[in-house]
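Read the figures in this text as sums done on the coordinates, not as results from a lab. Fair warning: this is a prediction, and the values are worked out from it, not measured in the lab.
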Amino acid sequence: MREVVLDTETTGLDPEQGHRVVEIGAVELLNHIPTGRTLQLYINPERDIPAESVAIHGITNEFVKDKPVFSQVYTQFLEFIGEDSTLVIHNAEFDMRFLNYELKLVGHAPLAWSRALDTAAMARRKFPGSPANLDALCRRFGIDNSNRTFHGALLDSELLAEVYLELLGGRQHGLGLVSESSGVATQKDYTAKKDRVLRPARPHAASAEELAAHEEMLASLKNPLWKQKDSA
């Protein structure tokens, strides 16, 4: 099963007001395991980036002025996500609206909303009443997000991939089920060693004192069930 963990950075909050995508980051998962394949696209939004947006993601007008526009990179983006891979997105409605708006501008069909899996909704169901933003989830699961001084699309996708696996139940480390280096399932050898020294069995028969205490306890019971059966 192939999934793509996805994030975008934008010039604002609403594409209908002319705001555009300035960065796309994506991480490939196969059977919930990162493959190492990633995508990072910086995009010239063809408009000024407001100061408040720069403060969030750190991408400036100067930085993107020589970057390609969306129409020049969207085929690379579509090739990476494939035609039917699930798109794992935090607050999926936001990113899907922007991506579909950008695709509309270049005359391409929109991404199907059914492809999106919203990890923010997953977190709210799993931890009702608790914060569901990415920083809070990283703290909850002990994921190191100390490099997140800005909201970068690729960095956030990599962090979200870890959060997503924890929301699914987490990895069971040390069971020999998955090789951390290759991501290939392996079987651990549990064959007992022939020279293993077996300890003698521990004594389990009750002592005379224990038997006497047991009889004393039985005698103190009033009208036990087994006596009622015998008298019936």
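Once you have the alpha carbon radius of gyration of the range 29-93, what is it after dividing by 2.2 N^0.38 Å, with N set to its residue count?
1.36
If you plug each phi of the range 27-39 into the Karplus form 6.51 cos²θ - 1.76 cosθ + 1.60 with θ = phi - 60°, what whole-Hz ³J(HN,Hα) values come out, in order, with x for Gly and Pro?
Using θ = phi - 60°, the values come out as 10, 8, 10, 10, 6, 6, 10, x, 8, x, 7, 9, 9 Hz.
How high is the relative contact order of the range 2-167, in percent, counting Cα pairs under 8 Å that sit 6 or more residues apart? Could you put the intermediate results ahead of the total?
Values: 268 pairs, mean separation 46.9, N = 166.
Result for the range 2-167 is 28 percent.
Looking only at the range 2-167, where both bridge partners belong to it, what percent of the DSSP beta bridges are antiparallel (to the nearest 5)?
70
May I ask for log10 I(q)/I(0) of the range 2-167 at q = 0.15, 0.17, 0.19, 0.21 Å⁻¹, from a Debye sum over the Cα atoms as equal point scatterers with solvent left out?
Summing over Cα pairs of the range 2-167 leads to -0.81, -1.05, -1.30, -1.54.
Determine ³J(HN,Hα), in whole Hz, for all residues of the range 96-105 in sequence, where each value follows from phi through the Karplus function 6.51 cos²θ - 1.76 cosθ + 1.60 and θ = phi - 60°; x replaces Gly and Pro.
Calculated HN-Hα couplings, in order: 5, 4, 5, 5, 5, 5, 5, 5, 5, 5 Hz.
Just subtract the alpha-carbon distance of Leu105 and Ala219 from 0.36 nm times their residue separation and send over the number in nm, one decimal.
Stretched out fully, the Leu105 to Ala219 stretch lengthens by 32.1 nm.
Cα centroid distance between the range 124-153 and the range 57-97, in Å?
Result: 22 Å between the Cα centres.
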